[in-house]
Amino acid sequence: MQKRIAVIGGGIIGATAAFYLGYLDQTQSLSVTLFDDDLGQATKAASGIISPWLSKRRNKRWYTLAKEGASFYRKLVTDANLGTNVYQQTGTIVTRKDPNDLDSLFQEAEIKLRHTPAMRSVALLSSQDVGKRLPFLTNPPAGILVEGGAKIDGLRFVEALLDQAQKRHVEISRQRVFFDESGKLRTSKGLESFDKIIIATGAWMKGTLKPLNYLVKVRPQKGQLIDLTIKSKHYGSHLPVLMPESSSDIIPFEHDKLVVGATHENDGGFDLKPTSEARNRLLTNAKAFDQHLQMDQIDRVRVGTRAYTDDFAPFFGHLPDNPNILLGGGLGSSGLTTGPLIGYFLARAVVEGQLGVWDKYTKPISHYII
Ligand SMILES: Cc1cc2nc3c(=O)[nH]c(=O)nc-3n(C[C@H](O)[C@H](O)[C@H](O)COP(=O)(O)OP(=O)(O)OC[C@H]3O[C@@H](n4cnc5c(N)ncnc54)[C@H](O)[C@@H]3O)c2cc1C
């Protein structure tokens, strides 16, 4: 008899888990349903940058997860046959305001490159060099090019993976589901039992686990970014991403689309309303590098809800006293980088019937869930 598996949440963790549940379960011993209500999903609102290597963060577990997460895309792109309209390695340019800081960062980048093939190569670029790589900028800063840096389109990513999951007999159910106290799920069909459940509900995980009397220590954070249309012969999706220090990232996408983001609004919670303040601030930040940008080029403001933990680190594993309920969350602002690997680990644990050893990536779940 097939085992019944539920995945709750169809963001980057849930979509990757659902894809790999279908992909790895070659004997079709699992019957998998993914439930998602698509409310404020962070993945679809995200800027899309995959470039963790030169981050200022010094959390070793996070770095191990993010570094391996960035490398993992190579496997994922092949397994899921993702096109360049979903994931593209165009390089990222990281800047520092102080030239001395830039030099020391470059030295750090060269050392990291020796142990990190996914970075491909690094180069110290003058402002003129950056201008050649990003010719639409009027005021390019000096920076470090990491050739292995990439961008993904979160919306297309989720759509592509769920589409492939469906072809492998995963059912996608667009609804909000709830635990009852016994651990069953309340769905539109009534109370349903599952052999294993993967919870990937992002910023909403506290509410998901409340009926089971767990306290999940995640808080929501509002993030906004702007999509602009740039009609310029100097523009194109093959261009690298600019990551200016303490400012907004500038990300060229296809069809003349430029993304600028994102805000980090701790008091915004689950609010999904775009604000003119964010719109103005993001445009002003981007105009420091491209003075031609105008308000009327903004097509829309995208809003999503990130999930943060007290140590800003993601977590994954199983519930402290229930190995049949797996979960992953608290991805913060680098979840596009870490999320797919977490989804893959969780799917493998279900298919192989045993949990992995994950302590090099995450503190014990009991640190985040009590
Ligand atoms: C503006 C912005 C920019 C970002 N930029 C980047 C970036 O450049 N690089 C990077 O690496 N990361 C970035 N991130 C972070 C990244 O997007 C998130 O960390 C990641 O997408 C979170 O994925 P998730 O699967 O945990 O959650 P989500 O993508 O939020 O998905 C959770 C899903 O679960 C659903 N759900 C919740 N409860 C239930 C329920 N009871 N029943 C059914 N469905 C439910 C939700 O509606 C949602 O669809 C950004 C985030 C934002 C908001």
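The values are calculated or read from the model by the stated rules, or taken from the named source; none is laboratory data. What you see is a predicted model, and the numbers here were worked out from it, not measured in a lab. We place every Cβ from the backbone using ideal geometry, glycine too, and count neighbours over all the protein chains shown. The protein model used for the area step is the full one, side chains on, heavy atoms only, and it has no ligands, DNA or RNA in it. Shrake-Rupley method; radii C 1.70, N 1.55, O 1.52, S 1.80 Å.
Observations on the structure shown:
- Pairs with Cβ under 9 Å, 6+ apart, first in the stretch 44-72 and without any contact (Cβ under 8 Å) to a residue 60 or more places away in the chain, second polar (S, T, N, Q) and not in a helix (DSSP H, G or I): Tyr63/Ser55; Lys67/Thr116; Ser71/Thr116
- Matching entry among Asp296, Asp267, Asp290 (being among the charged types (D, E, K, R), away from the ligand (no atom under 14 Å from the Cβ) and open to solvent by less than 50 Å² (accessible area, probe 1.4 Å)): Asp290
- Screening Leu124, Leu161, Leu113 for residues that are in contact with a Phe, Trp or Tyr (Cβ under 6 Å, 6 or more places away or on another chain), more than 16 Å from the ligand (Cβ to nearest atom) and closer than 30 Å to Tyr235 by Cβ leaves exactly one candidate, Leu124.
- Scanning the stretch 73-84 for residues that are under 22 Å from Gly304 (Cβ atoms), within 15 Å of the ligand (Cβ to nearest atom), modelled with pLDDT of 95 or more and not assigned by TED's automatic domain parsing to the domain that holds Glu192 turns up at least one hit.
- Residue in the stretch 138-159 that is basic (Lys, Arg) and part of a helix (DSSP H, G or I) present: yes
- Scanning the stretch 31-48 turns up one or more residues that are away from the ligand (no atom under 14 Å from the Cβ), over 30 Å from Lys257 (Cα atoms) and in contact with a helix residue (DSSP H, G or I) (Cβ under 9 Å, 6 or more places away or on another chain).
- Any chance Arg302 is surrounded by 15 or more Cβ atoms within 10 Å (Cβ to Cβ) and within 11 Å of the ligand (Cβ to nearest atom): yes
- For Leu341, the conditions (1) touching an Asp or Glu at 6+ places or on another chain (Cβ under 7 Å); (2) in a strand (DSSP E or B); (3) of a type outside the set (S, T, N, Q) all hold with the exception of (2).
- Of all the numbered requirements in (1) at pLDDT 95 or above; (2) among the hydroxyl-bearing types (Ser, Thr, Tyr); (3) within 30 Å of Thr138 (Cβ to Cβ), Tyr235 misses one, and that requirement is (1).
- Enumerated strands (runs of 3 or more DSSP E) restricted to the stretch 179-231, each holding at least 1 residues that are modelled with pLDDT of 95 or more and small (Gly, Ala, Ser): 190-192, 219-229
- Residue match in the stretch 92-107 (condition: in contact with a His (Cβ under 7 Å, 6 or more places away or on another chain), touching a residue at least 40 places away in the same chain (Cβ under 8 Å) and open to solvent by less than 40 Å² (accessible area, probe 1.4 Å)): no
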